[in-house]
Structure formats: structure tokens, C-alpha cells
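**Student:** Have a look at this one before I ask anything.
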Protein chains: 2
Amino acid sequence: MTDAPLPGPASLRNPLGLTVELGRDTPIRLDCGVEMDSVTVAYQTYGTLNADRSNAILLCHALTGDQYVADPHPITGKPGWWNDLVGPGRLFDTDRYFLICSNVLGGCMGTTGPKEVNPATGKPWGQDFPIITIGDMVQVQARLVDHLGIDQMFAVIGGSMGGMQVLEWCASRPERVFAAIPIATAARHSAQNIAFNEVGRQAVIADPEWREGRYMDHGTKPRRGLAVARMAAHITYLSEPALHRKFGRNLQGDRDAFEYGFGAEFQVESYLRHQGSTFVDRFDANSYLYITRAMDYFDLAAEHGSLANAFKGTKTRFCVVSFSSDWLFPTVESRAVVHALNAVAANVSFVEIQSDKGHDAFLLDEPEFHATLSGFLEAAAVRRGLPPAGSKGETP
Amino acid sequence: MTDAPLPGPASLRNPLGLTVELGRDTPIRLDCGVEMDSVTVAYQTYGTLNADRSNAILLCHALTGDQYVADPHPITGKPGWWNDLVGPGRLFDTDRYFLICSNVLGGCMGTTGPKEVNPATGKPWGQDFPIITIGDMVQVQARLVDHLGIDQMFAVIGGSMGGMQVLEWCASRPERVFAAIPIATAARHSAQNIAFNEVGRQAVIADPEWREGRYMDHGTKPRRGLAVARMAAHITYLSEPALHRKFGRNLQGDRDAFEYGFGAEFQVESYLRHQGSTFVDRFDANSYLYITRAMDYFDLAAEHGSLANAFKGTKTRFCVVSFSSDWLFPTVESRAVVHALNAVAANVSFVEIQSDKGHDAFLLDEPEFHATLSGFLEAAAVRRGLPPAGSKGETP
């Protein structure tokens with residue numbers, strides 16, 4: 001196992017983008033049956049691991065997220081997805097916690113995925129990459145955590161697909177998770193969400209530039225198909241009230257008359273087109289196919305006989321969070337998780353945050369949400385025997 | 001003005017598919033400013049117009065609907081979209097009422113639209129077709145009704161985009177509508193709905209076979225793009241509970257294990273793919289662009305200063321219907337119409353039908369919905385002085 005800096009702009013907080021190669025000693029056996037003996041994982045860390053290795057928090061990113069939680073994105077230059085929550089004295093206090101976030105297996109930001117080179121052919125994997133699951137992603141994360149010498153994480157936290165990873169951790173490796181915060185997520189992907197994912201995949205596959213997944217060999221990209229996929233998905237990340245508040249029926253350029261054409265008449269159209277075209281610059285189309293597929297496969301109840309079974313005997317402390325206007329991962333999905341946890345007498349608190357921002361609320365400035373995380377983490381830290389805030393992470 | 005049979009399989013009930021050419025005497029001036037001096041309208045009728053021409057019902061079809069309300073579709077052979085509601089003794093009793101349904105301007109089932117020949121070039125209009133609005137569709141319908149010698153329709157009825165036409169009729173030509181039933185609709189297209197339409201349009205436009213709209217000149221079709229557009233739209237026509245009940249996470253072919261691939265693993269995927277590919281056989285891609293655009297432009301309040309203004313002084317009797325699980329045209333949109341009608345002291349009843357079938361409920365077997373239509377029509381018929389049921393449509 002070797003650590004090497006990841007190419008790309010250096011982060012201010014964590015100058016080294018880290019990578020590690022896993023699977024050389026013991027191959028990683030995927031759910032589909034394929035064994036991989038070399039998986040590179042790209043990850044970022046923030047803060048310092050304490051002496052008894054009890055202050056680690058694993059942050060799990062969402063479908064199109066990445067390990068740049070609190071660093072400028074190497075391609076877009078934009079701040080990390082939870083940039084404002086990470087730092088000394090902040091919610092994820094880097095004076096107290098050691099934060100880890102790794103790009104998921106199948107991703108496109110440095111971890112082994114379809115855009116990386118297949119050692120067997122010397123060419124990008126493309127569609128030869130094996131099908132992956134949320135369980136496979138978590139297996140690779142567990143190997144990374146092993147590599148870092150951490151037995152039990154203080155907390156595993158994530159929203160959306162990140163929340164699926166949190167639930168998978170708790171079901172498959174409960175002893176390694178002291179506290180868990182699954183946010184805006186579900187224990188299984190719904191029929192409607194599979195349907196939306198399938199629309200996105202078909203949009204990519206319909207693009208002739210996808211070339212059966214071998215577009216990299218041709219120096220091209222299914223730009224238009226991937227942009228359409230992103231546009232459709234982006235609608236599901238917002239709520240109707242949020243779209244109405246933000247754009248309503250306002251015309252592009254604040255015009256007051258229609259142009260009567262197929263240009264972007266309405267602001268919401270130009271916003272969506274922008275979301276589509278910028279996404280293509282930072283994300284790989286095949287990764288989009290593989291990762292959406294992994295979400296579709298996720299169904300903890302089916303894997304464990306029942307959802308309660310998945311959490312039987314758990315000692316993990318849970319804080320389940322949903323958002324009232326999230327229609328992609330509605331509150332009813334979080335409630336199903338809470339009911340299963342109650343059925344096995346787990347330690348669980350549940351908060352539905354009132355917000356009109358839809359699914360994306362977990363990435364936005366939502367004070368009640370942040371207060372919820374903060375309160376739960378503080379109480380869990382006390383239970384775990386971590387030093388109180390302001391003590392610079394030294395164990396007492 | 002000439003009537004001529006429409007080519008295609010003959011209907012059992014109405015052997016002649018009718019067409020009429022309008023605009024020769026007085027050109028039809030569209031909202032975008034273009035004047036058309038020849039618009040062919042394809043329409044179907046059921047039942048017989050009575051002597052005092054007081055028993056006409058205009059049925060307005062939805063985005064991808066057509067005039068084949070109760071005839072087998074000439075391309076798919078499937079029964080009409082309200083097939084079971086039309087006939088002697090049925091809800092739309094052909095012994096009592098004279099039903100008219102015309103393919104909308106911009107459509108692709110015989111009415112002038114982008115796939116028809118542009119007289120100026122001798123080639124299909126394609127993207128040279130002028131941008132149209134719901135108001136333009138209604139203007140053309142009004143010309144058709146003039147042609148049929150009908151001053152006032154007993155009722156104008158339609159769901160979804162058909163409901164927009166109903167509202168437009170009531171706002172622009174109130175004296176010509178005795179009773180109106182706008183179903184599962186809105187007085188303006190929401191930001192979210194514009195966004196979904198834009199995704200569909202971009203999917204079509206992204207397909208290289210669209211060829212800037214001139215695909216017919218090349219003997220091709222943007223099949224894949226239009227299929228993706230339909231898939232995305234189709235999700236919005238259903239509800240999450242309906243998808244869950246119908247498909248859940250069931251695997252294709254009732255398999256009990258994953259195949260780990262990008263084929264249709266889940267039944268909901270194969271269902272959506274089927275919806276996409278069959279749609280392409282019966283619908284024109286440019287028509288899809290033009291008609292979705294017309295919906296986006298619709299905003300009665302903006303056109304009339306306020307929604308109440310749009311209905312000021314109306315003598316029309318309204319029955320506004322919504323469905324509880326319709327998230328494309330949610331009940332709140334119908335309520336906005338009802339509030340505006342109340343504000344001008346209109347005669348209005350409002351029913352929200354409890355259904356888990358989503359937006360498409362208006363096309364499905366919903367007994368409470370049908371009872372609502374029946375009760376309202378019966379009371380309105382008495383008011384209008386139409387003979388009671390069973391009297392074969394003769395005026396007393």
C-alpha cells in the first residue's frame with residue numbers, strides 16, 4: 001500500500017490529496033462476483049487522528065459528490081460541498097475530529113472507476129468495469145479505514161447516497177461505527193428513483209458519442225446526453241416551492257415579453273441548461289451509469305430478510321435526518337429506518353427539518369439542520385469520552 | 001372550407017375522420033404575430049347535433065393526446081383515451097350530446113403542425129413552423145366550432161393541457177361556453193413543469209438525428225431523444241405510490257437475482273423503456289417541442305392582469321377537478337382557479353378526487369371522478385334545457 005499525492009491544485013487546509021492502493025494482499029471481492037486486486041482510493045483528511053484513534057469521522061459523499069468536502073474542487077475551483085462546516089471550532093471541528101472522505105469506488109475523482117486504466121488492457125475500463133454496489137463502496141472504505149489503523153469510527157455521516165453508505169456501514173460493520181447520521185436517504189431505492197436514474201442512463205446511452213462506453217478511446221464525451229441526465233436529476237434535487245421562489249415564471253434576462261422560440265425563454269430553463277453543461281466538465285459519464293446503478297441495487301431489507309434484521313443487536317447511536325420538502329428521499333423513507341431501529345431497541349433520534357429547499361437542503365445553509373448535527377455529535381462525543389470543545393483534541 | 005375524409009383506418013363509430021381547412025377567408029393571427037391563411041383541422045365527432053345546436057360538447061385533448069377520443073388509434077390500434085366514457089347511455093351519452101374533439105394546432109394527427117407541408121416551400125414545416133400558444137389552439141378550435149355552426153357549446157371539457165384549453169376558452173370566449181370542466185390542470189405552467197418540459201426538449205434536440213428539426217427531409221427521426229423525453233415525462237404522470245404498487249423493486253421477468261448489468265434489471269425500467277419506444281412510433285418530435293412550449297407560455301393571470309380578471313363577469317358554470325396524488329398539476333393549482341372564480345362570484349364546484357394514480361388518473365378508471373362529471377353534466381343539462389337521459393337527444 002502506497003500513499004501518493006493526487007495531481008491537481010493543492011488544498012489550503014490539506015495540501016496533499018492522498019491516494020492509497022488497496023487489495024494487493026487480499027483481493028476485494030465485489031457483490032457481482034468479480035475480484036479486484038488493485039483498487040486505488042483517493043481521499044482527503046482534515047484534522048488529526050488522536051492517540052487512541054477514537055476521533056475519526058467518515059464523511060460519505062453523494063452520487064456526484066467527491067472527497068473535496070472542504071477544499072476547492074480541482075476542476076471547478078468551487079468550495080467543497082460542506083466547506084463551511086469544516087474547520088477549527090466549526091460543526092466538524094478539525095481541532096477535535098479527524099475527518100476522512102474518500103471518492104467512492106466507481107467514481108471519477110481519483111478512485112478506481114470506469115475512467116481509470118484497466119491494468120489488463122492498458123486502456124480505460126469503460127463498460128468493462130464491473131458493476132458495483134453500495135456494499136462494495138463501503139467495503140473499499142473499510143479497507144481504507146483499516147489502512148489508517150482505525151478500528152472504530154467515532155461517526156459515519158452522509159446525505160443521499162452518502163446516507164445509504166452510512167446505513168450499509170451500520171448493517172454490515174456495526175462494531176466499527178460508534179455514531180451514525182444518515183441524512184435525506186433511504187434503506188432502499190424506490191421505484192420512482194430507479195425510474196429517474198434509468199432516464200438519466202438512457203439519456204447518456206442515447207448519445208452516439210457515448211460509443212458503447214468507449215468514448216475515451218475516441219477522445220470524445222457524451223456531453224449532450226450526460227447534460228440531459230443531469231438536468232432531469234437536478235429537478236429532483238429541488239422542490240417545486242424552491243424552484244418557484246428562485247425562478248417562478250421569470251423570463252431570461254429579465255425581459256418582459258416572450259421571444260417565441262426554443263431559446264431559453266424562462267430563467268429556470270437557462271439555469272437547468274447551465275447545470276447540465278457544467279456538470280459534464282467535472283463528471284465522467286460511465287461513472288454516472290455505474291454509481292446510479294449502485295443506488296438502484298440498494299435494498300437493506302432484501303439483503304437482511306427485514307430492515308429490523310439489518311440492525312439487530314446494534315450498539316450504534318443513530319441520528320436520522322430528513323427534510324420536509326425532499327420528494328426524492330421523502331421523510332417516509334427515513335421513518336422506515338427509524339421504525340426498524342426502534343424495533344431492535346436501538347438508540348435513535350429522528351428529526352424532520354422544516355425546509356422548502358428539497359433534497360439539496362442537506363448541502364445548503366439550514367441552521368436547524370446544523371444545530372441538530374451539532375447537538376447529536378456533542379452528546380455522542382461525551383459518551384465516547386472525547387475531550388470537550390476547545391481542548392484541541394487531546395485525550396484527557 | 002372543405003370537409004374531406006382523413007386517411008387511415010376507419011372508425012367503427014364514426015367512419016369518417018373529418019378535416020376542414022380554415023383561415024382562407026380571414027387569416028388566423030397567432031400570438032407570435034404570424035398569420036396563417038390555411039390551417040387544416042382534423043377532428044372526430046360522436047353523436048348528433050340537435051336542432052337548436054345546444055348539445056355540443058368540445059373535448060380538449062392533452063399534450064400527447066389526439067382527436068381519437070373513442071376510436072381505435074390509427075397508428076397503435078389502441079382504444080381511444082376516453083373510449084369507455086363515450087357511447088349511448090354512457091357518461092358522454094351520444095344519444096344526448098354531440099361530441100367534438102379536434103387535434104390541436106401544432107399536433108401530428110392531421111391538424112396543421114410541423115410535420116405537415118409548408119405551402120411556401122413544399123417541404124415539411126419543421127422548425128419553420130411558428131411558435132404557438134394555448135390561445136392559438138383555442139382560436140383554431142373556435143374557428144372549427146364556427147364552421148360547425150355552433151354559437152355556444154353546452155360544455156368544454158379537458159384534462160391537463162386540455163384543461164388549459166378549457167380555461168382559455170372561458171377567459172377569452174366566455175359567452176360560448178355554458179359549462180366548463182377543467183381537470184387536473186392549472187392556470188399557469190409552474191417553474192417545475194417548465195423545467196421538466198425543457199429536459200424533454202433538450203433530449204430531443206441533443207439527438208443528432210433531430211438535424212435542426214429537418215429530420216423528415218433526411219428520412220430519419222430523433223427516436224432516442226424523443227424516447228428519453230417521453231420516459232422523463234411519463235414519470236411525472238404517475239405517482240410514487242402508483243409506481244410502487246405497480247412495480248415496486250420487482251425484477252424483470254420475475255427473476256430473483258440481479259444480473260449486474262445495464263440491461264433492464266427492474267420491471268419499472270423495462271416499462272419506461274417500452275413507454276419511450278412506443279411513443280416515438282405515434283408522435284412527431286417537432287410537435288412535442290411546439291406543444292410543450294405552448295404549455296410553458298400559458299399564464300392566464302399574466303395575460304389578464306390577474307386570474308380573477310380572466311373570469312370577470314363569467315356566466316359559465318364550472319366544475320374544477322383535481323386528483324390528490326397528482327404532483328404535476330397538484331390540487332393547489334386547481335384551488336387557485338377556484339379562488340379566482342369565487343372572487344368573481346362565478347358558479348363553481350370543486351372536487352379533489354382521492355386517488356393514488358397521479359396525474360394520469362383523469363384517463364383511468366376512477367369511479368368517483370366519473371360520478372362527479374356525470375352529476376355536474378346532468379345538472380347543467382337541466383339548466384340548459386336539454387332533454388333528460390333516455391330521450392334520444394330531441395329537444396322537448
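**Student:** Might you let me know whether the stretch B:104-126 holds any residue that is without any contact (Cβ under 8 Å) to a residue 40 or more places away in the chain, crowded, with 18+ Cβ neighbours inside 10 Å and under 16 Å from the mean Cα position of the chain (by Cα)?
**Tutor:** Taking every residue of the stretch B:104-126 in turn, none turns out to be without any contact (Cβ under 8 Å) to a residue 40 or more places away in the chain, crowded, with 18+ Cβ neighbours inside 10 Å and under 16 Å from the mean Cα position of the chain (by Cα).
**Student:** While we're here: Are there any pairs, at least 6 apart or on different chains, whose C-beta atoms fall under 6 Å, with the first in the stretch A:311-334 and within 14 Å of chain B (Cβ to nearest Cβ) and the second acidic (D, E) and surrounded by fewer than 23 Cβ atoms within 10 Å (Cβ to Cβ), and if so, which?
**Tutor:** Short answer, once both residue conditions are applied: A:S325/A:D356; A:T331/A:E352.
**Student:** Now, a different point. Select from the stretch A:124-159 the residues that are touching an Asp or Glu at 6+ places or on another chain (Cβ under 9 Å) and either on the phi > 0 side of the Ramachandran plot or at pLDDT below 95 (or both) and list them in ascending order.
**Tutor:** A:G126
**Student:** Being basic (K, R) and either farther than 23 Å from B:L91 by Cβ or touching a His at 6+ places or on another chain (Cβ under 9 Å) (or both), is that true of even one residue in the stretch B:316-331?
**Tutor:** Within the stretch B:316-331, the first condition is being basic (K, R), and the residues that meet it are B:317.
Still in the running and either farther than 23 Å from B:L91 by Cβ or touching a His at 6+ places or on another chain (Cβ under 9 Å) (or both): none.
No; the residues of the stretch B:316-331 include none that is basic (K, R) and either farther than 23 Å from B:L91 by Cβ or touching a His at 6+ places or on another chain (Cβ under 9 Å) (or both).
**Student:** Related question: Which of (1) loosely packed, with under 12 Cβ neighbours inside 10 Å; (2) assigned by TED's automatic domain parsing to the domain that holds A:V338 does A:L373 not meet, given it meets every other one?
**Tutor:** Going through the list (1) loosely packed, with under 12 Cβ neighbours inside 10 Å; (2) assigned by TED's automatic domain parsing to the domain that holds A:V338, A:L373 breaks only (1).
**Student:** Every residue in the stretch A:336-376 that is farther than 22 Å from A:A389 by Cβ and touching a residue at least 60 places away in the same chain (Cβ under 8 Å), please.
**Tutor:** A:A336, A:V337, A:A340, A:D356, A:K357, A:G358, A:H359, A:D360, A:A361, A:F362, A:L363
**Student:** Does B:A232 count as buried (at least 24 other Cβ atoms within 10 Å of the Cβ), more than 9 Å from chain A (Cβ to nearest Cβ) and in contact with a helix residue (DSSP H, G or I) (Cβ under 8 Å, 6 or more places away or on another chain)?
**Tutor:** On the way: buried (at least 24 other Cβ atoms within 10 Å of the Cβ): yes; more than 9 Å from chain A (Cβ to nearest Cβ): no; in contact with a helix residue (DSSP H, G or I) (Cβ under 8 Å, 6 or more places away or on another chain): yes.
The answer is no for B:A232.
**Student:** Inside the stretch A:328-353, can you point out the residues that are outside any helix (DSSP H, G or I) and touching an Asp or Glu at 6+ places or on another chain (Cβ under 7 Å)? Can you show your working first?
**Tutor:** So in the stretch A:328-353, the residues outside any helix (DSSP H, G or I) come out as A:328-330, A:344-353.
The one that is outside any helix (DSSP H, G or I) and touching an Asp or Glu at 6+ places or on another chain (Cβ under 7 Å): A:I353.
**Student:** While we're on this one: Is it fair to say A:A301 is within 13 Å of another protein chain (Cβ to nearest Cβ) and either part of a strand (DSSP E or B) or touching a strand residue (DSSP E or B) at 6+ places or on another chain (Cβ under 8 Å) (or both)? Spell out how you get there, then give the answer.
**Tutor:** Details: within 13 Å of another protein chain (Cβ to nearest Cβ): yes; either part of a strand (DSSP E or B) or touching a strand residue (DSSP E or B) at 6+ places or on another chain (Cβ under 8 Å) (or both): yes.
Considered against the rule, which asks whether it is within 13 Å of another protein chain (Cβ to nearest Cβ) and either part of a strand (DSSP E or B) or touching a strand residue (DSSP E or B) at 6+ places or on another chain (Cβ under 8 Å) (or both), A:A301 comes out as yes.
**Student:** Which members of the stretch A:131-156 meet the condition of being small (G, A, S), within 26 Å of A:V34 (Cβ to Cβ) and touching a residue at least 60 places away in the same chain (Cβ under 8 Å)? Working first, answer last.
**Tutor:** Applying the first criterion (small (G, A, S)) to the stretch A:131-156 yields A:135, A:142, A:149, A:155.
With the extra rule that they be within 26 Å of A:V34 (Cβ to Cβ), the set shrinks to A:135, A:142.
Scanning the stretch A:131-156 gives a single hit, A:G135.
**Student:** Okay, moving on. Looking at the structure I just gave you, is B:T48 outside any strand (DSSP E or B), closer than 19 Å to B:G163 by Cβ and at pLDDT 95 or above?
**Tutor:** Working: outside any strand (DSSP E or B): yes; closer than 19 Å to B:G163 by Cβ: no; at pLDDT 95 or above: yes.
When the stated conditions are applied, B:T48 does not pass them.
**Student:** Can you tell me which condition A:V41 does not meet? The list is (1) modelled with pLDDT of 95 or more; (2) surrounded by fewer than 24 Cβ atoms within 10 Å (Cβ to Cβ); (3) within 27 Å of A:I131 (Cα to Cα), and all the others hold.
**Tutor:** If we test A:V41 against (1) modelled with pLDDT of 95 or more; (2) surrounded by fewer than 24 Cβ atoms within 10 Å (Cβ to Cβ); (3) within 27 Å of A:I131 (Cα to Cα), just (2) comes out false.
**Student:** Let me ask something additional. State all residues of the stretch A:201-218 that are more than 9 Å from every other protein chain (Cβ to nearest Cβ) and within 23 Å of the chain's Cα centre (by Cα); if no residue qualifies, say none.
**Tutor:** Selection gives A:V204 alone.
**Student:** So B:K221 fits all but one of (1) more than 10 Å from chain A (Cβ to nearest Cβ); (2) farther than 17 Å from B:L289 by Cα; (3) touching a residue at least 24 places away in the same chain (Cβ under 8 Å); what number is the exception?
**Tutor:** Condition (2) is where B:K221 drops out.
**Student:** Next question. Name the residues in the stretch B:129-160 that are charged (D, E, K, R), touching a helix residue (DSSP H, G or I) at 6+ places or on another chain (Cβ under 8 Å) and part of a helix (DSSP H, G or I), would you?
**Tutor:** Correct list: B:D136 only.
**Student:** Step by step: first the residues of the stretch B:153-200, then only those that are more than 14 Å from chain A (Cβ to nearest Cβ) and among the aromatic types (F, W, Y), then the one that is surrounded by the fewest Cβ atoms within 10 Å (Cβ to Cβ). Which residue is that?
**Tutor:** Top of the filtered list is B:F178.
**Student:** State which residue is farthest from A:L85 (Cα to Cα) when the search covers only the stretch A:359-370 and only residues that are of a type in the set (A, V, I, L, M, F, W, C) and surrounded by 16 or more Cβ atoms within 10 Å (Cβ to Cβ). Working first, answer last.
**Tutor:** Let us first name the residues in the stretch A:359-370 that are of a type in the set (A, V, I, L, M, F, W, C), namely A:361-364, A:369.
Narrowing the set further to residues that are surrounded by 16 or more Cβ atoms within 10 Å (Cβ to Cβ) leaves A:361-363, A:369.
Details: A:A361: 14, A:F362: 12, A:L363: 10, A:F369: 12 Å.
Looking at the filtered set, the residue picked out is A:A361.
**Student:** So which helices (runs of 4 or more DSSP H) stay within the stretch B:174-290 end to end and still have 2 or more residues that are in contact with a His (Cβ under 8 Å, 6 or more places away or on another chain) and of a type in the set (S, T, Y)?
**Tutor:** On the way: elements: B:191-206, B:223-237, B:240-246, B:267-282.
So the answer is B:223-237.
The values are calculated or read from the model by the stated rules, or taken from the named source; none is laboratory data. Since this is a predicted model, take the numbers as computed values, not measurements. Every residue, glycine as well, gets a Cβ built from its backbone with ideal geometry; the counts of neighbours run over all protein chains shown.
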